[in-house]
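Derivation of every value follows stated rules applied to the coordinates shown; laboratory data play no part. From a predicted model like this one, the values you see are computed outputs, not experimental measurements. Positions of Cβ are generated from backbone atoms using ideal geometry, with glycine treated the same way; all protein chains shown enter the neighbour counts.
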Amino acid sequence: MFESNTHVGLDVHKKQITVALLRPGEQQPVEWQVVNEPRAIRRLARRIEREAVGEVTCVYEAGPCGYTLQRQLEGYGLSTQVIAPSLIPRKPGERVKTDRRDARKLAFHSRSGSLTEVRPPSVEDEAVRDLCRCRVAASADLTRARHRLGKLLLRHGLVYRVGRNWTQAHRRWLRGLAFEQAALKVIFDDYLLAVEHLEERQRGLDTELEAVSRQEPYREPVGWLRCFRGIDTTTALTIVAELHDFRRFKTARQLMAYLGLVPGESSSGERTQRGPITKAGNRYVRRVLVEAAWHYRHRPAVGRALRERRQGQPAAVIALADRAQQRLNRKFYRLVLSRGKPTQKAVVALARELVGFLWAALYLIPATRQEQRTA
């Protein structure tokens, strides 16, 4: 079949973009470079329209430059796809990599249809996603600051032995410490101030996330996800904002594979070999799901906080969440006690099955309700 469209491969960097324009029927693309700034992008779009034949498809790899270039080019009427870098076909013996080769390779793979497109979020979804990631970064900074302070005290033989760290009693103990050396006092005060500053920063971000979760279109899916054990506002909003469209996953297995929670496999002939999970896809959602899955090792129960989260939510979602508690808890003890699996592996298996319940809550139940409205 004769290809009648023009394919444009773009190797995008912060300062410049390498372009490879491949017309239908040609084997040698037209190549040039442009500066990565708005006026140059406008001139780039005009040149592509002038030199292209038929419909135009522009492609570039997902990376630190985000989706800005895609939105700019689509604003000029050029169809643009953002491609998953890890799924671009590569020759095993290929050892030379340059910007021109990368752009040319994208253009030829786009013509052959062997590229996997990344589903871009809307501007609003991307802003909420970045807010969730900002909270993750603040939490990691707080953990490092606390460890830094704790290790300082440990080096000088000061260990809190009464209870858990960072309780009110532990904070009173910290404020009562005295140091003979003035320099050590300065260091301690600086580390403690950093911890308190980061705690306040995290509380502020939690307040913003709580406010966003009450707005449309996040209010309903976040409320449904909070019916599940181990999932509160921050985790629920992270899942919704990072995936930004559950209906693009037609089956729960597709979502499990997208999140990298399925085992890797290397099988050939009569030999079947499965290994660790692939860890492909979105690592933020995978992390919060594994954290939530740890709650299911406990006996199924509905505590006061979970009961409050479920108030006013659909009975179908609550029933699904209860089924998840029963099934995942049984599976945890079956894997750990009966089959002798390590606890960490069992929890990852729970996270994979938890994805199926969440997918059912956000995909099947809305579809059922829509059918009921139209019946």
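Legend: calculated FRET efficiency, Arg283 to Tyr76, from the Cβ-Cβ distance at R0 = 41 Å, rounded to 0.05, equals 0.80. Less than 5 angstrom separates the built amide H of Thr80 from those of Cys58, all sequence-distant by 5 or more or on a different chain. Farthest toward the positive end of the dipole of segment 1-120, out of Thr68, Thr57, Ile83, is the Cα of Thr68, where the dipole comes from beta carbon charges about the Cα centre. Label separation (Phe179 vs Ser267): 6.0 nm, computed from points 7 Å beyond Cα along the C-beta direction. Close amide H contacts of Glu61 (hydrogens built in the peptide plane, cut-off under 5 Å, sequence separation of 5 or more or a different chain): Val12, Ile83. Over segment 257-375, the Kirkwood radius and the radius of gyration, each from Cα atoms, give a ratio Rg/Rh of 1.04. Sorting Cys132, Cys58 from the fewest to the most surrounding beta carbons within 10 angstrom yields Cys132, Cys58. Counting neighbouring Cβ atoms within 10 Å and putting the fewest first, the residues Ser139, Ser267 line up as Ser267, Ser139. Residues of segment 125-144 falling in the label zone of Glu200, defined by backbone nitrogen less than 19 Å from a point 7 Å along Cα to beta-carbon, are 135, 138-144.
Working note: Debye formula, equal point scatterers on the alpha-carbon atoms of segment 6-112, no solvent; log10 I(q)/I(0) at q = 0.12 Å⁻¹ is -0.35. All distinct Cα pairs of segment 135-265 go into the 1/r average, and the inverse of that average, the Kirkwood radius, is 18.2 Å. Under 5 Å between amide hydrogens, built in the peptide plane, is the criterion, and for Ala280 it picks out Gly260 among residues at least 5 positions away or on other chains. Residue by residue, segment 189-200 carries 3J(HN,Hα) couplings of 4, 5, 5, 5, 4, 4, 4, 5, 5, 5, 5, 5 Hz when phi is fed to the Karplus relation 6.51 cos²θ - 1.76 cosθ + 1.60 (θ = phi - 60°); x denotes Gly or Pro. Could you tell me which label, among [x] 44, 30, 23; [y] 30, 26, 21; [z] 34, 29, 17, carries the value of semi-axes √(5λ) of the Cα gyration tensor in Å calculated for this structure? Of the labelled values, this structure produces [x]. Each residue of segment 257-271 was assigned a 3J(HN,Hα) from its phi angle through the Karplus curve 6.51 cos²θ - 1.76 cosθ + 1.60 (θ = phi - 60°); the sequence is 5, 4, 8, x, 9, 9, x, x, 9, 9, 10, 8, x, 8, 8 Hz, with glycine and proline shown as x. Coupling constants for segment 70-86 follow from the phi torsions by the Karplus curve (6.51 cos²θ - 1.76 cosθ + 1.60, θ = phi - 60°), and in residue order they are 4, 5, 5, 5, 5, x, 8, x, 9, 5, 10, 10, 9, 9, 6, x, 6 Hz; glycine and proline get x. Cross-link pairs exceeding 24 Å between alpha carbons, from the set Lys15/Lys97; Lys14/Lys97; Lys15/Lys279: Lys15/Lys279.
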